[in-house]
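Participant: The structure is given below, and queries will be raised subsequently.
The values are calculated or read from the model by the stated rules, or taken from the named source; none is laboratory data. Computed from a predicted model, the values in this text were never measured in an experiment. Don't worry about glycine lacking a Cβ; one is built from the backbone with ideal geometry, like all the others, and counts go over all protein chains shown.
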Amino acid sequence: MSADRPCQLPHRFARPRFTAIGLAAWLGTAGGICLVEGTIAPQVVQAYTTRVDVALDRLPNESYDALIRRSEIVARAAAQRSFDRDILTSQVSVIVIGRNQGAETPILTLDVSRVQWSSRPDTRRWATYYKTSAALLGFEQLSPVPVTVTAPPTPAVAPVAPTQVQPSRNTTPSQQTTPTPPTQEDGVPPEDQQP
C-alpha cells in the first residue's frame with residue numbers, strides 16, 4: 001500500500017454517460033411494454049341501465065285484466081329488445097303506463113338485470129304491479145253510498161194531569177202551600193176542573 005497513489009472511486013459511483021442510442025433503446029423498451037400491456041388487458045367497460053316508457057291506451061270494452069295481460073306482453077318484448085339491441089345494457093327498467101279517458105297511471109314496472117332475464121324471462125316474476133291503477137283509470141267505479149234522510153220522530157203529546165205538591169220534609173206546616181184550584185178568571189171553566 002503506497003501512500004503516493006491517488007484515491008480512486010469505485011466503478012459504481014462513476015458518472016454514467018447517456019448517448020442517443022442508449023436513450024432510444026430505453027424509450028423503445030418502455031413503449032413496447034406499454035403497447036403489449038394495452039393489447040393484453042381489455043379496456044374497462046361500463047354497463048348501464050336502459051329505461052323504456054310504454055303507454056297503452058285502453059281498447060273499447062277492454063277489462064282491466066285484459067289490459068294487464070297486454071301490458072305484460074309489451075313489457076316482455078321491450079325488455080328483450082333492449083337486451084338484444086345493446087350488449088352493454090346490464091339492467092332494463094320498463095314502465096308501462098295505462099291510459100283511459102284522459103287518465104294516465106303506471107300499471108306495472110319491470111326492473112330486471114341481464115342475468116335475471118336470461119335465467120328466467122318471465123314478466124310476472126320481475127314486475128311490480130300497482131294496486132290502485134284500476135281505480136285511477138276508472139275501471140272500478142266507486143258507487144256512492146246512498147244517503148237516506150229520515151225526518152226526526154215527532155214526540156207524542158200526552159196530556160199532563162195536574163199534580164199535587166208534596167210537602168218537603170224540611171218544611172214546617174206553616175211553610176206548606178196548598179194549590180188553589182183555578183177559577184173562572186184563570187180561563188178554565190169550573191166544570192172542567194178536577195178536584
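Participant: Kindly list the number of the only condition in (1) loosely packed, with under 15 Cβ neighbours inside 10 Å; (2) out of contact with any helix residue (DSSP H, G or I) (no Cβ under 8 Å at 6 or more places or on another chain); (3) at pLDDT 95 or above that fails for Gln80.
Facilitator: (2)
Participant: Now for a separate question. Which residue, of Ala66, Ala20, is at pLDDT 65 or above and closer than 28 Å to Gln116 by Cα?
Facilitator: Ala66
Participant: Taking region 123-139 on its own, how many of its residues are closer than 23 Å to Arg58 by Cβ and not in a loop (DSSP other than H, G, I, E, B)?
Facilitator: Looking only at region 123-139, we keep the residues that are closer than 23 Å to Arg58 by Cβ, and these are 123-124, 127-139.
Subsequent filtering for residues that are not in a loop (DSSP other than H, G, I, E, B) retains 123-124, 127-129, 133-136.
The qualifying residues number 9.
Participant: Give the residues of region 84-110 that are in contact with a helix residue (DSSP H, G or I) (Cβ under 8 Å, 6 or more places away or on another chain), within 22 Å of Asp57 (Cα to Cα) and not aliphatic (A, V, I, L, M), sorted by residue number.
Facilitator: Gly98, Thr105, Pro106
Participant: Additional query: Considering only region 48-63, state which residues are assigned to a strand (DSSP E or B), modelled with pLDDT under 95 and either aromatic (Phe, Trp, Tyr) or over 21 Å from the mean Cα position of the chain (by Cα) (or both).
Facilitator: Tyr48
Participant: Considering (1) closer than 17 Å to Ala55 by Cβ; (2) out of contact with any Gly (no Cβ under 9 Å at 6 or more places or on another chain), say which one Glu104 fails and leave the rest.
Facilitator: Condition (2) is where Glu104 drops out.
Participant: Further question on the same structure: Can you tell me which residues in region 80-108 are touching a residue at least 24 places away in the same chain (Cβ under 8 Å), among the small types (Gly, Ala, Ser) and over 11 Å from Ala127 (Cα atoms)?
Facilitator: Ser82, Ser90, Gly98, Ala103
Results for (1) more than 26 Å from the chain's Cα centre (by Cα); (2) modelled with pLDDT of 95 or more; (3) exposed (fewer than 14 other Cβ atoms within 10 Å of the Cβ), shown as yes or no for each residue.
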position: Arg70; (1), (2), (3): no, yes, no
position: Ile73; (1), (2), (3): no, yes, yes
position: Ser93; (1), (2), (3): no, yes, no
position: Val149; (1), (2), (3): yes, no, yes
position: Asn170; (1), (2), (3): yes, no, yes
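Participant: Also: So which residues in region 94-122 are in a loop (DSSP other than H, G, I, E, B) and among the acidic types (Asp, Glu), if there are any at all?
Facilitator: Residues of region 94-122 in a loop (DSSP other than H, G, I, E, B): 101-102, 120-122.
Asp122 - this is the single residue of region 94-122 that is in a loop (DSSP other than H, G, I, E, B) and among the acidic types (Asp, Glu).
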